[in-house]
Number of protein chains: 2
Amino acid sequence: LESGHPDEIQTAASSYNAADLADFIEYTGAEDDAKGLALLQSLPADQQAKVFGYIEPDMQKILARLIPKGALAGIVTDMSADERADFFNLLDENQQHALFQSLASREREDLLRLASFEEGTAGAIMTSDYAVVSSGMTVASALSLLRNTAPDKETIYQAYVVDKSHKLLGAISLRNLIISAPGALVDSLMATGLVFTRTDTEQEEVARLISRYDLLALPIVDDDERLVGIVTYDDAMDVAEAEATEDMHKGATVGRLDTSFKTASPFSLYRSRVQWLVILVFGNIFTGAGIAYFEQTISAHIALLFFMPLLVASAGNAGAQSATLMIRGMATGDVTTRDWGMLLGKDILVATGLGLTMALAVMVIGLFRASPAIAMVVSITMVTVVLMGSVIGMLLPFLLDKLKFDPATASTPLITTIADVSGVLIYFSIATAVLGLG
Amino acid sequence: LESGHPDEIQTAASSYNAADLADFIEYTGAEDDAKGLALLQSLPADQQAKVFGYIEPDMQKILARLIPKGALAGIVTDMSADERADFFNLLDENQQHALFQSLASREREDLLRLASFEEGTAGAIMTSDYAVVSSGMTVASALSLLRNTAPDKETIYQAYVVDKSHKLLGAISLRNLIISAPGALVDSLMATGLVFTRTDTEQEEVARLISRYDLLALPIVDDDERLVGIVTYDDAMDVAEAEATEDMHKGATVGRLDTSFKTASPFSLYRSRVQWLVILVFGNIFTGAGIAYFEQTISAHIALLFFMPLLVASAGNAGAQSATLMIRGMATGDVTTRDWGMLLGKDILVATGLGLTMALAVMVIGLFRASPAIAMVVSITMVTVVLMGSVIGMLLPFLLDKLKFDPATASTPLITTIADVSGVLIYFSIATAVLGLG
């Protein structure tokens, strides 16, 4: 591809996939913008838009500044409606204005409509390139309509049947159309009781519906139940992957990253990490203060310090386990707030079992390493803190959800910090009660 | 549905989705097996297999014991090839034998072939219900072939073109077929340079390919490049979701759960959690031993204890952040082992920045709370441990990957435990060096 020979470029363009070509342009463009641009422009016109849609937002922005206005308008016109809207939202106001001027009115209206939806909703990720047939059409005319409009549609494998006011009545698959009698009416063949949702539905929910019902595409309707767009399975896969990544990052108190880890700048990585690290330092001051408060007990029984890390860490680890089970269950839709009571009961049962197992282990260590009295303190503490850690890990995600925060914020480090301070207080309180101040 | 009136059941069956009907049967069956069975059997024959495929493995097992042998054979025959193989693998040997006897030879062979692949590979999740046309066919005959075989196929939207020895030559979409001239040869229209993979490819990699290239289905070939199956996008979505869940659970040291968190028994939850909790307790003994080793320094400067939790926790938190960024990047295929050097360099830069920021914060606290000497010890320790934590968090997933372990095992609690012991040693070593033994 690098050679620039038209023949070789044609060969490469036909034998490589758009996603791979996009990767190659990104890779080349990262070293030399102009070279990346040249590669993109050397592709056949009909492939440029498709490949451009696969390029990462950062590189799209760089290329957008370099591509001549007319060529950019051509690429943007050929892009699918949802990718076009995403790209449009990346640009600054001047660029948006310039691009907008150079588009045809059909693409303009489309852009305005799609760009008006809030980020992260069904409206923002849907495409308006869906296939539609009218109620009352025959199979033959529906097929010929689909055949003629196929090049502009995201998918024609699922066509939606609408009435005169564009209200969604049902769906008919291309599979069904091609095996049915040409004279039959689409109304008699269409599936009703469709799964659909509204433009303001969150994108995670959209992905969940598509995955649950194994849909090719999910129709999106407005407040009057008129069909306004579809979200296809491939966009749902991207949403689900991005959500899982975001939840995992939250689970380690990593803030939002706009690009991937590999391409993120050191400063954006710093920014995504520093906030929580500092907050957690202040949380740990309470743990330090807890230790300082019990200095007398500790000085009298310095052997207690040996067991502090394992008790406190066990509380945090048990809490992290419960929280993660809970958060992931809520994210996949497996667990709802209705299940609260049942799950808490089960968690208390499991945590008691875990606490007793661990108490037994540390009692043995306590007997060997210190005294029977300390062994007793350590085992009582273990049962208590494992139970406490688990219950906190269980309740915090629920509580955050009730308060309209993302449950995934109840991350392992946050649970650990809360468990640390509670663990220290419980440990030394029990120790002071059993052993006295020395 | 519960009323049992045939009319109402027909209405319900046609207006509810198979996934919802399956949920309802699971819900009813959990309270009363026989009632769940009655519901399933009250559905029209053609829907029973589809709904049964959506039912959770545990309930499938229960129902399989109750359904009369003949009826079960009917359902199993109607199931898609991949769901049938999954179900077959759930049964014990006697049941497998009985079921096998009652199937037709076509389904038997299919089962044997699919059941022979190792779990977690492309072979185990693929279906043999793919649409295939022969090289040399015209568009018209390909269309009529697809039309006639449509009911048995998982998807006909993508048909694969094979030669006489069933070698994969290319693919042609139904979209392309219906817009092309009936007399054209499929060979002239088919897409070549297909993305495909082998039966022993890991299922995560299959899901990644489907998501990356926005495929409807990924063709799977054997060692001689003969087409043996396809994996469709909906199965890829399920795999990606299950993998993300498993990775998150590993990130909190939760072991493999065979069912969802909600339906898991207390004992299976206990088992999935206890192992790592106990291992981590033993890890923390080293931290305790580290503290015990420095008892003299601690006794002389008891104020040091106040800062211990925040220093040690910061190391763990920074490590958890780096590890999570790394692990998720590796899971999504964004980061490969080739990027090792570049990412380590970037991480050291970011961690140094983070360490300096946090050192500044704790220096202020140290000056207020203790002495300039302790403030100095605390800030030097902070930079050192944050850097160390980040580098460990970065390297451990790489190392595990090189040793053929799953990088996701480098969980937050594991990193925290390693950071704890290193943090304690570094802190008190620096303190002893700067402050002396008192």
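Which residue pairs have Cβ atoms under 6 Å apart, sit 6 or more places apart or on different chains, and have a first residue in segment A:20-35 that is outside the structural domain of A:Lys61 (by TED's automatic domain parsing) and surrounded by 15 or more Cβ atoms within 10 Å (Cβ to Cβ) and a second that is among the aliphatic types (A, V, I, L, M) and part of a helix (DSSP H, G or I)? Correct list of pairs: empty, since none qualify.
Is one or more of the residues making up segment B:367-388 touching an Asp or Glu at 6+ places or on another chain (Cβ under 9 Å) and not small (Gly, Ala, Ser)?
So far as segment B:367-388 goes, no, none of its residues is touching an Asp or Glu at 6+ places or on another chain (Cβ under 9 Å) and not small (Gly, Ala, Ser).
Here are some conditions: (1) closer than 30 Å to A:Asp258 by Cβ; (2) within 12 Å of another protein chain (Cβ to nearest Cβ); (3) not polar (S, T, N, Q). A:Leu143 meets all but one. Which one does it not meet? Of (1) closer than 30 Å to A:Asp258 by Cβ; (2) within 12 Å of another protein chain (Cβ to nearest Cβ); (3) not polar (S, T, N, Q), only one is false for A:Leu143: (1).
Being hydroxyl-bearing (Ser, Thr, Tyr) and either free of Cβ contacts under 8 Å to residues at least 12 places away in the same chain or crowded, with 18+ Cβ neighbours inside 10 Å (or both) is true for just one of A:Ser141, A:Ser165, A:Ser134. Which residue is that?
Sole residue among the options that is hydroxyl-bearing (Ser, Thr, Tyr) and either free of Cβ contacts under 8 Å to residues at least 12 places away in the same chain or crowded, with 18+ Cβ neighbours inside 10 Å (or both): A:Ser141.
For the criterion of being outside the structural domain of B:Val221 (by TED's automatic domain parsing) and either modelled with pLDDT of 85 or more or within 28 Å of B:Phe24 (Cα to Cα) (or both), B:Asp82 passes. When segment B:89-119 is examined, which residues are found to be closer than 19 Å to B:Val239 by Cβ and either surrounded by 15 or more Cβ atoms within 10 Å (Cβ to Cβ) or in contact with a Leu (Cβ under 7 Å, 6 or more places away or on another chain) (or both)? Result: B:Leu114, B:Ala115, B:Phe117.
Evaluation of B:Gly355 against the conditions (1) within 9 Å of chain A (Cβ to nearest Cβ); (2) of a type outside the set (A, V, I, L, M, F, W, C); (3) surrounded by 21 or more Cβ atoms within 10 Å (Cβ to Cβ) shows that the sole unmet condition is (1).
Can you find a residue that is polar (S, T, N, Q), assigned to a loop (DSSP other than H, G, I, E, B) and more than 7 Å from chain A (Cβ to nearest Cβ) anywhere in segment B:266-281?
Within segment B:266-281 (the criterion being polar (S, T, N, Q), assigned to a loop (DSSP other than H, G, I, E, B) and more than 7 Å from chain A (Cβ to nearest Cβ)), the answer is no, since none of the residues qualifies.
Out of all the residues in segment B:109-129, is one or more aromatic (Phe, Trp, Tyr) and closer than 24 Å to A:Tyr157 by Cβ? No. Given the criteria touching a helix residue (DSSP H, G or I) at 6+ places or on another chain (Cβ under 9 Å), assigned by TED's automatic domain parsing to the domain that holds A:Asp238 and at negative phi, does A:Asp200 qualify? The answer is yes for A:Asp200. Evaluation of A:Leu344 against the conditions (1) closer than 15 Å to B:Val274 by Cβ; (2) more than 8 Å from chain B (Cβ to nearest Cβ); (3) surrounded by fewer than 24 Cβ atoms within 10 Å (Cβ to Cβ) shows that the sole unmet condition is (1). Taking first residues from segment B:320-349 that are outside any helix (DSSP H, G or I) and partners that are at pLDDT 85 or above, the Cβ contacts under 7 Å between residues at least 6 apart in sequence or on separate chains come to B:Thr332/A:Glu241; B:Thr332/A:Thr245; B:Gly333/B:Arg208; B:Val335/B:Met326; B:Val335/B:Gly329; B:Val335/B:Leu343. Scoring B:Lys262 on the criteria (1) basic (Lys, Arg); (2) at the interface with chain A (Cβ under 8 Å from one of its Cβ atoms); (3) surrounded by 16 or more Cβ atoms within 10 Å (Cβ to Cβ) leaves a single failure, condition (3). Residues in segment A:289-303 that are within 23 Å of B:Phe282 (Cα to Cα) and either crowded, with 21+ Cβ neighbours inside 10 Å or within 7 Å of chain B (Cβ to nearest Cβ) (or both): A:Ile291, A:Ile298, A:His301, A:Ile302. Taking segment A:205-214 as the range and being within 11 Å of chain B (Cβ to nearest Cβ) and in contact (Cβ under 8 Å) with a residue 40 or more places away in the chain as the test, the residues that pass are A:Arg208, A:Arg212. Looking across segment B:376-432 at every residue that is away from chain A (no Cβ under 11 Å) and in a loop (DSSP other than H, G, I, E, B), the one that is surrounded by the fewest Cβ atoms within 10 Å (Cβ to Cβ) is identified as B:Lys404.
The values are calculated or read from the model by the stated rules, or taken from the named source; none is laboratory data. Every value quoted in this text rests on a predicted model; they were computed, and no experiment measured them. In this analysis, Cβ positions are derived from the backbone assuming ideal geometry, glycine residues included, and neighbour counts consider all displayed protein chains.
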